[in-house]
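Below is one structure, written out as structure tokens, with a few remarks after it.
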Amino acid sequence: MQKAFLLPLLLVILVSCQRNPLKVNVSGIDLKVNLKRLDQDIFKVTPENLSKVIPELKQKYGSFFNAYNENVIALGDPSDPLYSTYLNTFLTDGTCVASRHTTDSVFHDLTSIQAKVEDGFRHFKYYFPNKKIPEVITIISGFNQSVILTSDAIGISLDNYLGEDCQFYKRLGLPAFKRENMQGAKIPTDVLYAWGISEFEFDEANNNLLSQMIYQGKMLYFLDAMFPEEPDQLKIGYKPEKIDWCKKNESGMWTYIVEHKLLFTSDRMNIIRFINPAPFTSAFTTESPGRAGIWIGWQIVRKYMNKHSPVTLMELMADTNYQKILNESGYSPED
């Protein structure tokens with residue numbers, strides 16, 4: 001009887017030990033994110049209705065409309081007398097029209113994406129109840145930046161998420177390592193990551209490889225908290241085989257960085273080769289993923305938070321003592 005009792009007790013203990021502490025209940029948080037579709041609304045403008053529709057778009061999208069026109073599609077201030085001419089050229093450009101049709105086809109229904117973005121912001125509100133939630137606006141950028149930010153809105157360039165085999169990307173000569181993340185499944189994590197970067201900016205006072213690794217690791221841990229059910233590959237943008245490579249070679253990567261005394265280097269090129277997007281991390285093999293330093297920083301932050309359960313996500317994001325986080329993590333890939 002004792003054995004029969006101990007077995008289920010051990011199973012309960014095992015399950016509780018493996019439970020992800022970031023899987024919190026956000027069902028009671030009243031939050032609705034409505035995706036505003038400027039990517040569709042902008043194409044309702046014609047030379048005949050421009051004087052009527054443009055003011056409507058200004059009212060609907062506020063300051064974001066100006067930011068979109070000036071900083072994304074580079075048409076200038078909508079109040080400029082020549083704006084209507086520039087806009088008509090943009091809307092009737094052959095490539096723009098073709099990308100618009102493809103975008104409409106791929107993203108005819110944004111229900112699932114909206115639900116995930118909304119869930120991410122519910123988690124954001126759970127951890128940071130006093131912070132604002134931005135408006136989320138979908139746009140066509142002419143294959144410009146994927147995500148743009150204003151003080152109260154975030155724009156998602158849908159034409160940058162048409163799938164890695166999209167003909168436009170190949171014509172533009174985009175390399176495979178960039179194209180593999182240009183898929184709709186990446187939109188929710190990209191949205192929350194971009195908003196997180198704007199809320200928790202990097203402290204430039206101590207810019208070295210360690211600080212960049214830990215900062216980026218914190219941002220990926222932030223995504224762990226925003227999307228506790230999502231796979232790591234969507235958070236960091238690695239294919240599964242690249243994550244497997246990192247796990248198998250974690251000890252070797254860490255040893256290389258430590259033995260070459262790179263942790264505290266402030267040399268820009270040394271930092272770039274471990275942090276910036278690339279087909280692979282040049283310090284390692286061509287089988288490695290780019291940005292491998294960020295992956296290591298992620299594991300350090302995870303280890304730190306596992307060892308310091310009283311530390312809240314808010315406290316972590318405010319902590320810029322990157323060396324302390326490393327020291328108190330007890331990080332050792334051999335373990």
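Every number in this text was worked out from the coordinates using simple rules, so none of it is lab data. Owing to the predicted nature of the structure, the values given are computational and were not obtained by experimental measurement. No Cβ is skipped: glycine too gets one built from the backbone with ideal geometry, and neighbour counts run over all protein chains shown.
Distance from the Cα centre of the range 157-172 to that of the range 43-80, in angstrom?
25
Spelling out what I want: for every residue of the range 300-313, take phi, set θ = phi - 60°, compute 6.51 cos²θ - 1.76 cosθ + 1.60 (Karplus), and round to whole Hz; glycine and proline get x.
Once θ is set to phi - 60°, the couplings for the range 300-313 become 5, 5, 4, 5, 4, 5, 5, 7, 10, 4, x, 6, 7, 4 Hz.
Which percentage, to the nearest 5, of the DSSP beta bridges contained in the chain is antiparallel? Kindly include the intermediate steps, with their values, before the conclusion.
Numbers: 3 of 11 bridges.
The answer is about 25 percent antiparallel.
Asn71 to Ile197: FRET efficiency via 1/(1 + (r/R0)^6), r the Cβ-Cβ distance, R0 22 Å, to the nearest 0.05? Could the numbers behind the result be given before it?
Values: r = 17 Å, r/R0 = 0.77.
Using R0 = 22 Å, I get an efficiency of 0.85.
Convex hull over the alpha-carbon atoms of the chain: what's its volume per residue in Å³? Display every interim value, and only then the final one.
On the way: hull volume 59.7 nm³, N = 335.
Dividing the Cα hull volume of the chain by its residue count gives 178 Å³.
Would you list which lysines come within 16 Å of Lys52, measuring only between C-alpha atoms, while excluding same-chain residues fewer than 8 positions from it?
Here the lysines satisfying the reach criterion relative to Lys52 are Lys44, Lys60.
Could you list, in their original order, any pairs among Lys116/Lys170; Lys131/Lys248; Lys178/Lys303; Lys23/Lys186; Lys132/Lys324; Lys36/Lys324 whose Cα atoms are separated by more than 32 Å?
Values: Lys116/Lys170 29 Å; Lys131/Lys248 39 Å; Lys178/Lys303 29 Å; Lys23/Lys186 20 Å; Lys132/Lys324 30 Å; Lys36/Lys324 42 Å.
From Lys116/Lys170; Lys131/Lys248; Lys178/Lys303; Lys23/Lys186; Lys132/Lys324; Lys36/Lys324, over 32 Å: Lys131/Lys248; Lys36/Lys324.
What are the ³J(HN,Hα) couplings of the range 49-58, residue after residue, when phi is run through the Karplus curve with 6.51, -1.76, 1.60 and θ = phi - 60°? Round to Hz, x for glycine and proline.
Using θ = phi - 60°, the values come out as 9, 3, 5, 8, 6, 4, x, 5, 5, 4 Hz.
Give me, ordered by chain and number, the residues 5 or more places off Ala153 or on other chains with an amide H under 5 Å from its own placed amide H.
For Ala153, the qualifying residues are Glu135.
Quick one: order His108, His123, His101, His308 by neighbouring beta-carbon count within 10 Å, fewest to most. Can you show the working numbers first?
Details: His108 7, His123 24, His101 10, His308 14.
Final ranking by Cβ density, sparse to dense: His108, His101, His308, His123.
In the range 242-309, which trypsin sites (Lys or Arg not before Pro) fall in coil by DSSP and have 16 or fewer other Cβ atoms within 10 Å? Provide the component values of the computation, followed by the final result.
Working: sites: Lys242, Lys247, Lys248, Lys261, Arg268, Arg273, Arg291, Arg302, Lys303, Lys307; in loops: Lys261, Arg291.
Sites meeting the loop and neighbour criteria: Lys261.
Using Cα centres only, tell me the gap between the range 274-335 and the range 91-116 in whole Å.
36
Can you list residues whose amide H is under 5 Å from Gly290's amide H, if they're 5+ apart or on another chain and H is modeled 1.01 Å from N?
Ala278, Phe280, Thr281
Work out, step by step, the length gained on full extension between Asp152 and Glu259: first 0.36 nm times the residue separation, then minus their alpha carbon distance; give nm to one decimal. Write down the numbers at each step before the final one.
Values: separation 107, 0.36 × 107 = 38.52 nm, distance 4.48 nm.
In short, 34.0 nm is gained.
Do any trypsin sites (Lys or Arg not before Pro) in the range 61-137 lie in a DSSP loop with no more than 13 other beta carbon atoms within 10 Å, and if so, which? Please list the in-between numbers first.
Numbers: sites: Arg100, Lys116, Arg122, Lys125, Lys131, Lys132; in loops: Lys131, Lys132.
Qualifying residues, ordered by number: Lys131, Lys132.
Can you work out the Karplus-derived ³J(HN,Hα) for every residue in the range 101-109? Use 6.51 cos²θ - 1.76 cosθ + 1.60 with θ = phi - 60°, whole Hz, and x for glycine or proline.
Going residue by residue, I get 5, 5, 4, 4, 6, 6, 10, 5, 9 Hz, with x marking Gly and Pro.
Given H placed 1.01 Å from N in the peptide plane, which residues other than close sequence neighbours of Ile139 have an amide H under 5 Å from its amide H?
Asp39, Ile156, Ser157, Leu158
Answer rounded, prolate or oblate for the range 35-199, using the Cα gyration tensor with square roots of eigenvalues a ≥ b ≥ c: rounded when a/c is under 1.5, else prolate when a/b is larger than b/c, else oblate.
Details: a/c = 1.93, a/b = 1.20, b/c = 1.62.
Verdict is oblate for the range 35-199.
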